[in-house]
1. What full-extension length gain, to one decimal in nm, is calculated for Ser146 and Ala64 as 0.36 nm per residue of separation minus the Cα-Cα distance?
2. Using a/c under 1.5 as the rounded threshold, could you call the range 34-118 rounded, prolate or oblate? The axes a ≥ b ≥ c are square roots of the C-alpha gyration tensor eigenvalues, and prolate needs a/b larger than b/c, oblate otherwise.
3. Once R0 is set to 30 Å, what does the formula 1/(1 + (r/R0)^6) return for the Cβ-Cβ distance between Asp272 and Thr86, expressed as a FRET efficiency to the nearest 0.05?
4. Per Stokes-Einstein, at 10 °C and 1.306 mPa s, what whole-number D in µm² s⁻¹ belongs to the range 213-266, with the Kirkwood radius over Cα pairs as the hydrodynamic radius?
5. So what is the 222 nm mean residue ellipticity for the chain from helices alone, if each DSSP H run of at least 4 adds -39500 (n - 2.57) and you divide by all residues, rounding to the nearest 500 deg cm²/dmol?
6. Output the peptides 161-167, 51-57, 269-275 sorted from most to least packed, where packing is the average of other Cβ atoms within 10 Å over each peptide's residues.
7. If I model a spin label as a point 7 Å beyond the Cα along the Cα-Cβ vector, how far apart are those points for Ala34 and Gln258 in nm?
8. How large are Rg and Dmax for the range 105-264 when calculated on the C-alpha trace, in angstrom?
Amino acid sequence: MRNDQAIKFKNLKRGQFLHSNFLYTDYTLDYTLASLERIGAKKLEFYGAEPHLCFYDLTYGDMAGFKRKLDRHGLSIVEINPECCTYPNNLASKDPVTRLRSFRYFENVIHTAGVIGAATVVMCPGSARKDEDPEEAWKLAADSMSRLADIAETEGITIVMEATTRNYTVTTDHRRMKRFLDACGKDNLGVVVDLMCLAQTGETAQDAYDACGKDKIRSVHYRDGALLETGSWANRVPGEGTLSLDADLQVFDEQEYQGYFGSEIRWSTDPDLNTPELVCKKIQDWIDLHF
C-alpha cells in the first residue's frame, strides 16, 4: 500500500494499536518479553498459551511472577486472549466434565487478568457439534458466560466475544451476538470485532455497530485475511491479504472508537520476514501510514 492510498485517521490514535506475542509462539517467554521491549512495545494484547502462559495449571504465585517480569520490561497487558479453540475447551458442551474444566480454565484467566491489571479478556462461549442441537448449546453457553461475567465483575474485568464460524461459537454473526448479549444480561460482556472474521460472517464493521450498538463494541482485532482453496480463511499481515481493511477501520474512526486494536497475526507470507521483529516492523509501518 502506498502512502497516498492509506486513509488518514481523524479520531483514532496511534496508541490504540497494540503489539502482541502471537508472533512469538516458537520462542520462550523471556525472549519474547525482551524482544517486545527492544521494538518499543508498551501495551500488549497477550496470547495465553504454551510456551508463554498456560491457564490450566497457573497458580497465584505464577501470576504474580509473570507480573514482575512484565514490569521489568516496562510492559503492560491490556487484553488477555487465551487459547480458546485448540485446547479441549467448550463452555457449551453437554459433557459436564468438559464444561467444568472449561469453566475453571476461563476462571483462572479472569483471576490472572486481575493480578496483572488487564482490563479485558477475550473468550469463546462455546459451540455445538454438527449433530447436536444448537439451541441447547446456546443455553449452556449463555449460562456459562453469565456466571463467568459475575466472577469477572468482582475483578473489574470486561469479557469480550467475537462472531465467527459455528465450529467455534454459537455467536455466528453480530445479530446473534446481540441476542446472546441480551440473553446473558451482563453489563461487563461486550464484543470484539475481528476484521477477518467479518469476512467469514459476511458482514462489515458498520453491520457490527448496527447490530450490537456502539456501547457494546469494546475491542477490535485487526488483521488481513486470504480465502484458501479449502474455503477457510487464513490470517495475514495487513497488505498481504485481500480484505478492505481501510474501509472497516474508517468506520471505527467515524464512530470515534475509544478502545484498543489487538493483533492475532502469527506470521508473514514474505520469506524475508523470518523473525517476529521484522514482521512487527512491517505491521508498524502499515499502521503509521494512517497517522
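1. Extending this stretch completely gives an extra 26.8 nm.
2. In terms of gyration-tensor shape, prolate.
3. Plugging the Cβ-Cβ distance into 1/(1 + (r/R0)^6) gives 0.60.
4. Answer, rounded: 129 µm²/s.
5. Value at 222 nm, helices only: -12500 deg cm²/dmol.
6. 161-167, 51-57, 269-275
7. Calculated label separation equals 4.0 nm.
8. 15.6, 46
Here, each number is a calculation from the coordinates, and none is a lab measurement. Because the structure is a prediction, the values reported are computed rather than measured. Note that we place each Cβ from the backbone using ideal geometry, even for glycine, and neighbour counts take in every protein chain shown.
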